[in-house]
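**Q** To start, I am sharing the structure in question, which I have written as C-alpha cells.
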Amino acid sequence: MNQQVETIAKALDMHGATDIQIIDITGVSIVADYFVVASGSTPIQVRALCDAVQDELDKAEMPCKRVEGKEAGRWIVVDAADVLVHIFHTEERAFYNLERLWSNGENTVSYGTEK
C-alpha cells in the first residue's frame, strides 16, 4: 500500500467512516492504481469525510485533481491521481456494490476498525 492510500484511509478512519476497503487495481485499469471505498451514514457525514480526505491530502502536499458528487452527498468520488476515493452513503453503497465489480478476492484489504 502506498503512502497516498494510507493517508486517505487513515483520514477516513479517523473521521468515522465505516467499512473502508482498499482495492488494488494496478494492471486492471488505466484509470487508477487503487480504489479506496468507504461509507458514511448521512449525506452530511459523507460530505465531511470528503472534506477530511481533501484536508489530509492538502497537508501532505498530495494531489487532489477533482471531486464529483459532493453537493448531493450520496456518492462522492475524489480523484487523487493514482487513487480514486469513493465515499458512499450506506444505501448507495449497498445498491451499487462497487467492490463486487473490481475485487477478485485477492486485491482487497479492509482498513481501520469496524464502527
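The values are calculated or read from the model by the stated rules, or taken from the named source; none is laboratory data. Since this is a predicted model, take the numbers as computed values, not measurements. Cβ sites come from the backbone with ideal geometry, for glycine too, and all protein chains shown count toward neighbours.
**Q** Taking Asp19 as the residue in question, decide whether it is surrounded by fewer than 20 Cβ atoms within 10 Å (Cβ to Cβ) and in contact with a Pro (Cβ under 9 Å, 6 or more places away or on another chain).
**A** Considered against the rule, which asks whether it is surrounded by fewer than 20 Cβ atoms within 10 Å (Cβ to Cβ) and in contact with a Pro (Cβ under 9 Å, 6 or more places away or on another chain), Asp19 comes out as no.
**Q** Going by the structure shown, is Ala11 assigned to a helix (DSSP H, G or I), aliphatic (A, V, I, L, M), at pLDDT 95 or above and surrounded by fewer than 20 Cβ atoms within 10 Å (Cβ to Cβ)? Steps first, please.
**A** Values: assigned to a helix (DSSP H, G or I): yes; aliphatic (A, V, I, L, M): yes; at pLDDT 95 or above: yes; surrounded by fewer than 20 Cβ atoms within 10 Å (Cβ to Cβ): no.
In short, no.
**Q** Sticking with this structure for a sec: Can you give me the number of residues within the range 80-107 that are within 13 Å of the chain's Cα centre (by Cα) and more than 15 Å from Leu12 (Cα to Cα)?
**A** 5
**Q** Report every pair of residues separated by at least 6 positions or lying on different chains whose Cβ atoms are under 8 Å apart, first residue within the range 36-55 and more than 9 Å from Gly73 (Cα to Cα) and surrounded by fewer than 19 Cβ atoms within 10 Å (Cβ to Cβ), second at pLDDT below 95 and of a type outside the set (Ser, Thr, Tyr).
**A** Partner pairs satisfying both residue conditions: Gln54/Cys64.
**Q** Six or more apart or on different chains, Cβ under 7 Å: which pairs go from a residue in the range 10-23 that's within 13 Å of Phe88 (Cα to Cα) to one that's buried (at least 22 other Cβ atoms within 10 Å of the Cβ) and of a type in the set (Ser, Thr, Tyr)? Could you list them?
**A** Qualifying pairs under 7 Å: Ala17/Ser39; Thr18/Ser39; Asp19/Ser39.
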